[in-house]
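Chemist: Attaching a single structure in structure tokens format; questions to follow.
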Amino acid sequence: MTSAVRIVEVGPRDGLQNEAREVPTAVKVELIERLADAGLPAVEATAFVSPKWVPQMADHTEVLERIRRKPGVDYPVLAPNLKGFEGARAAGAIEVAIFGAASESFSRRNINCSIAESLERFRPVAEAARQHGIKVRGYVSCVLGCPYEGEVKPERVADVAQALYEMGCYEVSLGDTIGTGTPAKTKTMIEACAGRVPVEKLAGHYHDTYGQALANIYASLELGVRTFDASVAGLGGCPYAAGASGNVATEDVVYMLNGLGMRTGIDLERLVEIGQWICGVLNRDYGSKAGKALAAKRKR
């Protein structure tokens with residue numbers, strides 16, 4: 001494995017939206033800018049969703065307008081409907097993300113509609129984005145298990161991934177929302193999706209609830225996937241498993257990829273510093289195993 005891997009940093013959005021206490025806008029802006037300066041090619045900045053449902057993202061417009069944009073770095077934002085898209089476009093977004101689910105129960109509980117209805121909601125967003133030259137990325141939740149239904153068939157994941165791709169998503173990120181997936185199940189799911197969507201258009205978004213995220217990333221690499229979502233310091237949790245970790249730490253992913261000789265363009269030392277800094281600001285434990293070890297080694 002000698003090829004390049006693209007990491008999409010989701011800490012400022014997927015990570016911070018899980019924080020119980022309010023995170024100041026200035027902290028969010030600094031986090032995004034520091035991550036871009038550390039070599040992350042894509043930093044998910046915020047979400048244009050209702051503050052009623054996601055209060056941590058209430059300052060989405062201010063965050064997107066205030067960040068210093070580094071040339072060559074993408075700053076995608078979530079925009080699940082046309083209202084969110086228009087708000088994102090007005091704030092200067094040039095990439096948006098839409099998110100569906102492979103589980104009917106999860107779709108109804110998370111976004112209050114069926115899978116089919118969610119896809120119909122996304123079509124106007126995809127069409128408007130195309131008219132304005134804005135890129136669209138797709139997310140599929142619960143690709144390896146659902147907190148309400150349990151097992152999710154790979155064919156159902158492939159159905160949703162194909163629909164998002166054909167709608168105009170340049171890439172579809174496959175999310176193990178509850179982190180129950182294992183490498184064998186991951187490979188079966190990826191193979192099903194790759195039969196409908198070119199594998200180079202697929203990304204992996206694996207939560208580490210059961211400690212399987214790195215193994216699932218490795219399994220995906222073996223099948224040709226070269227884009228993965230990760231969160232600095234492992235920011236974020238799993239709301240469906242009390243006390244469990246959620247997003248895989250970007251530091252851990254980069255450390256593994258470096259060991260495989262794969263290129264990311266990310267400065268791991270700077271990433272560790274950012275992870276320690278943001279955890280200090282949030283008054284939470286540093287969630288990266290590789291980061292902790294590298295920081296202790298440097299201190300010695």
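The values are calculated or read from the model by the stated rules, or taken from the named source; none is laboratory data. Bear in mind the structure is a predicted one, so any value in this text is a computation, not a measurement. Quick reminder, even Gly has a Cβ in these numbers, built from the backbone with ideal geometry, and neighbours come from all protein chains shown. Calculation scope for accessible area: heavy atoms of the full protein, side chains included, ligands and nucleic acids excluded. Shrake-Rupley method; radii C 1.70, N 1.55, O 1.52, S 1.80 Å.
Chemist: Which of the residues that make up the range 167-177 are open to solvent by 20 Å² or more (accessible area, probe 1.4 Å) and closer than 21 Å to GLY234 by Cα?
Modeler: Residue satisfying the conditions is THR177 alone.
Chemist: Consider the range 188-210. How many of its residues are of a type outside the set (S, T, N, Q), open to solvent by 50 Å² or more (accessible area, probe 1.4 Å) and closer than 21 Å to PRO147 by Cα?
Modeler: The number of residues fulfilling the criteria is 1.
Chemist: Any idea which residue in the range 24-41 is farthest from the chain's Cα centre (by Cα), counting only those that are over 14 Å from TRP277 (Cα atoms), surrounded by 15 or more Cβ atoms within 10 Å (Cβ to Cβ) and touching a residue at least 40 places away in the same chain (Cβ under 8 Å)?
Modeler: THR25
Chemist: Moving to a separate point now. Hey, could you check the range 70-82 for residues that are open to solvent by 50 Å² or more (accessible area, probe 1.4 Å) and in contact (Cβ under 8 Å) with a residue 12 or more places away in the chain and say which is farthest from THR227 (Cα to Cα)?
Modeler: Selected residue: LEU82.
Chemist: Only one of these conditions is not met by ASN110: (1) open to solvent by less than 60 Å² (accessible area, probe 1.4 Å); (2) touching a strand residue (DSSP E or B) at 6+ places or on another chain (Cβ under 7 Å). Which number is it?
Modeler: (1)
Chemist: Report, ordered by the first and then the second residue, all pairs with beta carbons closer than 8 Å, sequence separation of six or more or different chains, a first member in the range 178-201 that is touching a residue at least 24 places away in the same chain (Cβ under 8 Å), and a second member that is among the charged types (D, E, K, R) and open to solvent by 20 Å² or more (accessible area, probe 1.4 Å).
Modeler: Listed pairs, sorted by first residue: GLY179/ASP208; LYS187/GLU222; ALA192/GLU155; ARG196/ASP159; GLU200/ARG226.
Chemist: Can you spot a residue in the range 220-240 that is more than 19 Å from the chain's Cα centre (by Cα), in contact (Cβ under 8 Å) with a residue 40 or more places away in the chain, surrounded by fewer than 16 Cβ atoms within 10 Å (Cβ to Cβ) and within 29 Å of GLU22 (Cβ to Cβ)?
Modeler: No, the range 220-240 has no match at all.
Chemist: Please work out which one of (1) without any contact (Cβ under 8 Å) to a residue 60 or more places away in the chain; (2) small (Gly, Ala, Ser); (3) under 17 Å from ARG196 (Cα atoms) is the condition ALA116 fails and give its number.
Modeler: (3)
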